[in-house]
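Asks: Take a look at this one; I'll ask things after.
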Amino acid sequence: MSAADFEELARTAPEGVKLEFTKGKLEVKPVPDGDHDDIAMWLVEQCLRLRPDLWLYRERRLRVEDGGKGRSIPDGTLAPRKHFRGRQDEWPDPTDVLMTVEITPRDPDTDRRDRGEKRDGYAEARIPVYLRVDRRACTFTVYSEPQDGKYRNRRTHAYGDTVKLPHPVAITLETEELKDYLP
């Protein structure tokens, strides 16, 4: 399937169905549960408080992977305020996107994509920071310094730790509150 064919399919998908195109495969993004939404909103609140010059957009479609072949809907996309204002492209290029966020779901297939295929697609698109919130392991993994389609740095922190997101994000998250979401 081509990216253009995928976009047409995504445009005609039934309401509430979110489709992604990862490494040449059609994928369905699951509907988030309440804990997933709470963690996402906690991150939105932290970003607004600590970096009011940036917005963490929820479920913003992006063109990713090498050459923009992939189409992804990260749980969060950190970019300058009003970055997407006036854009008509449904799947914009991630230029000036500082960070993508994925909050792992309960389903193992999507969890696998967040850990590998989507992470690599963000690195290929040269998004400086990828933050994965792993709900099963109760950890934050921060990937940074994309080079040759891979992130060169990876740091993992437990819920409750202080998590320093590197430049250009430059946010320090105090994650004690997320211990409320331990399984």
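The values are calculated or read from the model by the stated rules, or taken from the named source; none is laboratory data. Given the structure is predicted, the values throughout are model-derived calculations rather than measurements. Here the Cβ positions follow ideal geometry from the backbone for every residue, glycine too, while neighbour counts run over all protein chains shown. Note: areas computed on protein heavy atoms with side chains; ligands, DNA, RNA excluded. Shrake-Rupley method; radii C 1.70, N 1.55, O 1.52, S 1.80 Å.
Asks: Residue by residue through the range 76-84, which ³J(HN,Hα) values in whole Hz follow from phi under the Karplus form 6.51 cos²θ - 1.76 cosθ + 1.60 (θ = phi - 60°), with glycine and proline marked x?
Replies: Along the range 76-84, the couplings run x, 10, 8, 8, x, 3, 6, 4, 8 Hz.
Asks: Same structure again: How big is the accessible area of Asp66 in square angstrom, nearest 10, if you roll a 1.4 angstrom probe over the protein chains?
Replies: Accessible area, nearest 10 Å²: 90 Å².
Asks: Using θ = phi - 60° and the Karplus form 6.51 cos²θ - 1.76 cosθ + 1.60, what ³J(HN,Hα) does each residue of the range 175-183 get, whole Hz, x for Gly and Pro?
Replies: Couplings: 9, 3, 4, 6, 5, 5, 9, 5, x Hz.
Asks: Using Cα positions and a limit of under 27 Å, work out the lysines in reach of Lys25, with same-chain residues fewer than 8 apart set aside.
Replies: Leaving aside lysines fewer than 8 places away in the same chain, those within reach of Lys25 are Lys69, Lys118, Lys150.
Asks: Hey, with R₀ at 35 Å, roughly what FRET efficiency would Phe84 and His157 work out to, going by the Cβ-Cβ distance, to 0.05? Walk me through the numbers before you get to the answer.
Replies: Numbers: r = 29 Å, r/R0 = 0.84.
Efficiency for this residue pair is about 0.75.
Asks: Count neighbours as other Cβ atoms within 10 Å of each site's Cβ, and list the trypsin sites (Lys or Arg not before Pro) in the range 133-169 that are DSSP loop with at most 11 such neighbours.
Replies: In loop regions of the range 133-169 (DSSP not H, G, I, E or B), the sparsely surrounded trypsin sites (Lys or Arg not before Pro) are Arg136.
Asks: Please work out the C-alpha center-to-center distance from the range 17-96 to the range 152-167 and express it in whole Å.
Replies: Cα centroid to Cα centroid, the span is 20 Å.
Asks: Enter the accessible area per residue of the chain (Å², integer; probe 1.4 Å; all protein chains in place).
Replies: Dividing the accessible area of the chain by its residue count gives 49 Å².
Asks: Determine ³J(HN,Hα), in whole Hz, for all residues of the range 2-13 in sequence, where each value follows from phi through the Karplus function 6.51 cos²θ - 1.76 cosθ + 1.60 and θ = phi - 60°; x replaces Gly and Pro.
Replies: For the range 2-13, the Karplus curve yields 8, 4, 5, 5, 4, 4, 5, 4, 4, 5, 9, 5 Hz.
Asks: Once amide H atoms are placed 1.01 Å from N in the peptide plane, what residues at a sequence separation of 5 or more from Leu54, or on another chain, have their amide H within under 5 Å of its amide H?
Replies: Those lying under 5 Å, H to H, from Leu54 are Arg81.
Asks: Which cross-chain or sequence-distant (5 or more) residues have an amide H under 5 Å from the amide H of Asp93, H modelled 1.01 Å from N in plane?
Replies: Arg63
Asks: What are the extents of the Cα atoms of the chain along their three principal axes, listed from largest to smallest and rounded to whole Å?
Replies: So the three principal-axis extents are 44, 31, 31 Å.
Asks: What value, in deg cm²/dmol to 500, does the helix sum -39500 (n - 2.57) over DSSP H runs of n ≥ 4 give at 222 nm once divided by the residues of the chain?
Replies: Values: 4 runs with 43 residues, N = 183.
One gets -7000 deg cm²/dmol as the mean residue ellipticity at 222 nm.
Asks: Here's something else I'd like to know. Leaving ligands, DNA and RNA out of it, report the carbon-plus-sulfur percent of the accessible area of the chain at a 1.4 Å probe. Don't jump to the answer; show the numbers that get you there.
Replies: Details: 4330 of 8930 Å².
Ligands and nucleic acids excluded, carbon and sulfur reach 48 percent.
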